[in-house]
Each structure stands twice: as structure tokens, then as C-alpha cells.
Amino acid sequence: MLAHHVLFWLKADTTEEQKANFRKGLESLEKVESVKAFHVGVPSTIERAVVDTTYTFSLVLFFEDMAGHDVYQVHPLHKAFLEENRVFFEKVVIYDSI
């Protein structure tokens with residue numbers, strides 16, 4: 001199993017409509033056939049020193065193995081999401097774990 005966790009910080013001038021469309025784009029990634037489990041979220045309201053709440057959106061995808069991850073990386077839905085939405089984020093951090 002491979003977990004692919006992506007945190008997005010959107011630009012400060014991103015409108016609510018653009019954020020809603022960005023989220024829809026993230027949700028479209030669930031349709032990639034190699035995705036085994038999927039979650040899109042926003043920062044929680046948990047207040048603890050070790051909890052980072054500075055990001056705008058969190059995407060967590062699970063793949064059976066690295067081959068599934070590799071399918072995702074070149075999948076047309078993933079490429080379309082990046083093409084349409086990269087103008088909105090100023091920072092992205094990815095954590096992959098096996």
C-alpha cells in the first residue's frame with residue numbers, strides 16, 4: 001500500500017468560486033482506476049501545537065503499490081487537474097509513504 005498525501009496552499013486572491021472549482025477538480029481524481037481510497041479535506045479546527053492548519057486543501061490517495069501511483073501520475077485526469085488548477089496554488093507539499 002502506498003499513501004500519497006498532497007497539501008495545497010492556494011493564493012490569497014483565490015475567490016470562493018475558484019476554491020469550489022479547485023475542490024471539484026480534486027474530487028475528479030477519485031475516478032483514476034488505480035486509486036484504492038480517497039479523501040479531500042480542509043484544515044480541521046483542532047488546536048494543538050503540532051497540527052498544521054495553514055494549508056487550503058488536503059488530498060490523500062491510496063494505491064495498491066508504486067505501479068498504481070505511477071498510473072495516476074500520467075493519467076489524463078491528473079494531467080487535466082494540474083493544467084487547469086496550478087495557477088491557483090502558491091505552494092504544494094507531498095508526503096508519500098509505503
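Every read-out reported here was derived from the displayed coordinates using simple, explicitly stated rules and does not represent laboratory data. As the structure is a computational prediction, the values presented were derived from the model and not from experiment. Neighbour counts are summed over all protein chains in view; Cβ atoms, including those assigned to glycine, are modelled from backbone coordinates with ideal geometry.
Observations
- Restricting the stretch 43-81 to residues that are small (Gly, Ala, Ser) and within 21 Å of Met1 (Cβ to Cβ), the residue that is surrounded by the most Cβ atoms within 10 Å (Cβ to Cβ) is Gly68.
- Sole exception among (1) polar (S, T, N, Q); (2) in a strand (DSSP E or B); (3) in contact (Cβ under 8 Å) with a residue 60 or more places away in the chain for Gln18, by number: (2)
- Set Leu29, Leu82: member being touching a His at 6+ places or on another chain (Cβ under 7 Å), under 17 Å from Phe8 (Cβ atoms) and not acidic (Asp, Glu): Leu29
- The residues of the stretch 27-45 that are hydrophobic (A, V, I, L, M, F, W, C), assigned to a loop (DSSP other than H, G, I, E, B) and within 20 Å of Glu90 (Cα to Cα) amount to a single one, Val42.
Every residue, every condition in (1) in contact (Cβ under 8 Å) with a residue 60 or more places away in the chain; (2) touching a Pro at 6+ places or on another chain (Cβ under 9 Å); (3) charged (D, E, K, R); (4) not in a strand (DSSP E or B), yes or no:
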{"residue": "Gly25", "(1), (2), (3), (4)": "yes, no, no, yes"}
{"residue": "Glu47", "(1), (2), (3), (4)": "no, no, yes, yes"}
{"residue": "Ser58", "(1), (2), (3), (4)": "no, yes, no, no"}
{"residue": "Tyr72", "(1), (2), (3), (4)": "yes, no, no, yes"}
{"residue": "Ala80", "(1), (2), (3), (4)": "no, no, no, yes"}
{"residue": "Val87", "(1), (2), (3), (4)": "no, no, no, yes"}
{"residue": "Lys91", "(1), (2), (3), (4)": "yes, no, yes, no"}
